[in-house]
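Student: Sharing a structure, written as structure tokens. Questions coming.
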Amino acid sequence: MVFSSLLFVFYFLPVFLGLYYLILKVGGRAASHFFLTAASYLFYGWANPAFVLLMFVSTVIDYTCGLFISGQFEKGAWKKPVQALEPEGPRRKSQRVALVISILSNMSLLGFFKYFNFGIDSWNALMSTLPGDPAQIDGFLRITLPLGISFYTFQSMSYSIDVYRGDAKAIRGFTDFSCYVAMFPQLVAGPIIRFQEVADQIFDRKHTLEKFSRGSAFFMLGLCKKVLLADPCGKIADECFAAASLGVVDAWTGIIGYSFQIYFDFSAYSDMAIGLGLMMGFVFPKNFDSPYHAKSITEFWRRWHLSLSTWLRDYLYIPLGGNRKGEGRTYVNLAMVMLLGGLWHGASWNFVIWGAIHGLMLGLERAQGKKSWYQNMPGFVGVGITYFVVLIAWVFFRATTLPEAMNYLSSMFGFGDGHPTNDLVGGQIRTTYHMLSLAVAAGITWFGIQTWDFTRVLTWPKTVLITLLFFLGLGMLAATSFSPFIYFIF
């Protein structure tokens, strides 16, 4: 089930909200959390119920590890209130073992389901280069990637780490913890909600009309960004990347379209998730901060997918030593984090190259004091150069294979093979509708107001505008085919 579907908007969401507030009033927090968890499992298992079992196993492991880490299995511990561990205090062997089990189990699940097929393909490619009759692995040994596994494993794992570090208290109630892991607004495509960010809200949050109203505005604007901007820009990108060859102008048009598609698609999902959270009283952190305004790649990663970039910083970069162990080690850590960030998105050499491009730029900027070499140029020049680098990297992110990416880059820089279908592609993408969609997307990207700021104060004119856009988005949704969010595959 996806947010941008008539099933969700007209059936699941209103029924869920009605029952949620009824159960909250009658049964209190515990009952509402049980209902939220059950509804989230229904939402997640709609396409494939088997995925629910996998998430449940991950939840049980991290819940148990959290109890071990916090000492809840010690004699008499359950008679006392749960206390957070001392941040700098010593840790027993059993606590360290519980943390290792949590991390290894989550990474094993993620690694197996996400990279098993990649391993088979890489092995077969290697064997095909050898003479004779190499031992290749049969193609039927394939597994299906569970939706959102990259997100909920990181989220669940942050619980054990936060409890071990003393940044949060462990949860005794299994239903409360299951609610945190399975909460459907951010379950499938983020943002990655770290436990310390919502630990207090799980037990004490306010449900107000102001929160609900702002959450509704977030959700409606997110839906509009998805169907009115991301989808038409995505049509342009799809046509261009499916072509055998392209002219220079069309190749650049396609990748610019993709840059808008992935931004508005992913930020739309984040907006809708934040909005749904507000409807239930939760305040989730901001996930995008106008990333294409960045004047360097360093700044770009302070604005793009904030929940992932801060997760990698706090749970990977800093534990690896960050910038505390010498200049050489700092560059190694940066490169490692970005390469792993690329692999997090998918098991493909394209994602490795995408991460390597960003890692290289971060390293170069780090060598200049976290500043780009064009830092002192006029602001629009810095933004333009940063956007250019991001576009080049997006080619590898969007292309399905490395040869396809290289072929597309060749077309962008005028080295295409002049295929006779070039003019046909141009005719398909240079329609009034598509060009208008690109122009509106560009205008909102660089001159518009972020949803986070626009919904901070809801006036009557804003409310009318949001409502009109929402109905326009619903009309477009009813007239178009199924269009899942891009980050569902990650």
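The values are calculated or read from the model by the stated rules, or taken from the named source; none is laboratory data. For clarity, every value in this text was computed on a predicted model and none was experimentally measured. Counting neighbours? That spans all protein chains shown, and the Cβs are built from the backbone with ideal geometry, glycine included.
Listed here are the residues, each with its yes/no results for (1) out of contact with any Ser or Thr (no Cβ under 8 Å at 6 or more places or on another chain); (2) closer than 23 Å to residue 216 by Cβ.
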{"position": "3", "(1), (2)": "yes, yes"}
{"position": "13", "(1), (2)": "yes, yes"}
{"position": "18", "(1), (2)": "yes, yes"}
{"position": "21", "(1), (2)": "yes, yes"}
{"position": "24", "(1), (2)": "no, yes"}
{"position": "27", "(1), (2)": "yes, no"}
{"position": "34", "(1), (2)": "no, no"}
{"position": "47", "(1), (2)": "yes, no"}
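Student: Follow-up. What's the total number of residues in segment 270-313 that are in contact (Cβ under 8 Å) with a residue 60 or more places away in the chain, under 15 Å from the mean Cα position of the chain (by Cα) and either in a loop (DSSP other than H, G, I, E, B) or on the phi > 0 side of the Ramachandran plot (or both)?
Tutor: The number of residues fulfilling the criteria is 8.
Student: Could you please find all residues in segment 184-238 being assigned to a loop (DSSP other than H, G, I, E, B), more than 21 Å from the chain's Cα centre (by Cα) and more than 12 Å from residue 278 (Cβ to Cβ)?
Tutor: Hit for segment 184-238 is 204, nothing else.
Student: Pairs only if they're at least six apart or on different chains, beta carbon under 7 angstrom, first in segment 314-342 and on the phi > 0 side of the Ramachandran plot, second in a helix (DSSP H, G or I) and not aliphatic (A, V, I, L, M); list them, first residue then second.
Tutor: Once the first residue is on the phi > 0 side of the Ramachandran plot and sits in segment 314-342, its partners that are in a helix (DSSP H, G or I) and not aliphatic (A, V, I, L, M) give 321/329; 321/333; 322/333.
Student: Please indicate, with yes or no, whether at least one residue in segment 364-379 is in the same structural domain as residue 284 (by TED's automatic domain parsing), surrounded by fewer than 15 Cβ atoms within 10 Å (Cβ to Cβ) and assigned to a helix (DSSP H, G or I).
Tutor: There is at least one residue in segment 364-379 that is in the same structural domain as residue 284 (by TED's automatic domain parsing), surrounded by fewer than 15 Cβ atoms within 10 Å (Cβ to Cβ) and assigned to a helix (DSSP H, G or I).
Student: Considering segment 180-208 alone, what residues qualify as being under 12 Å from residue 155 (Cα atoms), touching a residue at least 40 places away in the same chain (Cβ under 8 Å) and of a type in the set (S, T, N, Q)?
Tutor: If the condition is that a residue be under 12 Å from residue 155 (Cα atoms), touching a residue at least 40 places away in the same chain (Cβ under 8 Å) and of a type in the set (S, T, N, Q), then 186 is the only one that fits.
Student: For segment 274-306, give me each residue that is under 17 Å from residue 222 (Cβ atoms) and of a type in the set (S, T, N, Q).
Tutor: 287, 290
Student: Just checking, which of 183, 220 is assigned by TED's automatic domain parsing to the domain that holds residue 406, surrounded by 20 or more Cβ atoms within 10 Å (Cβ to Cβ) and not basic (Lys, Arg)? Break it down stepwise before answering.
Tutor: Values: 183 fails: assigned by TED's automatic domain parsing to the domain that holds residue 406.
Of 183, 220, the one residue that is assigned by TED's automatic domain parsing to the domain that holds residue 406, surrounded by 20 or more Cβ atoms within 10 Å (Cβ to Cβ) and not basic (Lys, Arg) is 220.
Student: Among (1) over 17 Å from residue 180 (Cα atoms); (2) loosely packed, with under 14 Cβ neighbours inside 10 Å; (3) at pLDDT below 95; (4) not basic (Lys, Arg), where does residue 18 come up short?
Tutor: (3)
Student: Could you grab me the full set of residues in segment 229-265 that are in contact with a Leu (Cβ under 9 Å, 6 or more places away or on another chain) and farther than 25 Å from residue 300 by Cβ?
Tutor: 243
Student: In segment 314-331, what count of residues is obtained for those that are within 14 Å of residue 359 (Cβ to Cβ) and either part of a loop (DSSP other than H, G, I, E, B) or in contact with a Lys or Arg (Cβ under 9 Å, 6 or more places away or on another chain) (or both)? Break it down stepwise before answering.
Tutor: Step one: filter segment 314-331 for residues within 14 Å of residue 359 (Cβ to Cβ), giving 316-317, 320, 330-331.
With either part of a loop (DSSP other than H, G, I, E, B) or in contact with a Lys or Arg (Cβ under 9 Å, 6 or more places away or on another chain) (or both) added as a condition, the list becomes 320, 330-331.
Of the residues in that region, 3 qualify.
Student: Of 44, 11, which residue is over 22 Å from residue 168 (Cα atoms), modelled with pLDDT of 85 or more and surrounded by 13 or more Cβ atoms within 10 Å (Cβ to Cβ)?
Tutor: Going through 44, 11 in turn, the sole match is 44.
For every residue, the table says whether it meets (1) in contact (Cβ under 8 Å) with a residue 40 or more places away in the chain; (2) outside any helix (DSSP H, G or I); (3) touching a Gly at 6+ places or on another chain (Cβ under 8 Å); (4) of a type in the set (Ser, Thr, Tyr).
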{"site": "11", "(1), (2), (3), (4)": "no, no, no, yes"}
{"site": "29", "(1), (2), (3), (4)": "yes, no, no, no"}
{"site": "39", "(1), (2), (3), (4)": "yes, no, no, no"}
{"site": "86", "(1), (2), (3), (4)": "yes, yes, yes, no"}
{"site": "112", "(1), (2), (3), (4)": "no, no, no, no"}
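Student: Out of all the residues in segment 145-162, is one or more part of a loop (DSSP other than H, G, I, E, B), assigned by TED's automatic domain parsing to the domain that holds residue 95, out of contact with any Pro (no Cβ under 6 Å at 6 or more places or on another chain) and of a type in the set (Val, Ile, Thr)?
Tutor: No; the residues of segment 145-162 include none that is part of a loop (DSSP other than H, G, I, E, B), assigned by TED's automatic domain parsing to the domain that holds residue 95, out of contact with any Pro (no Cβ under 6 Å at 6 or more places or on another chain) and of a type in the set (Val, Ile, Thr).
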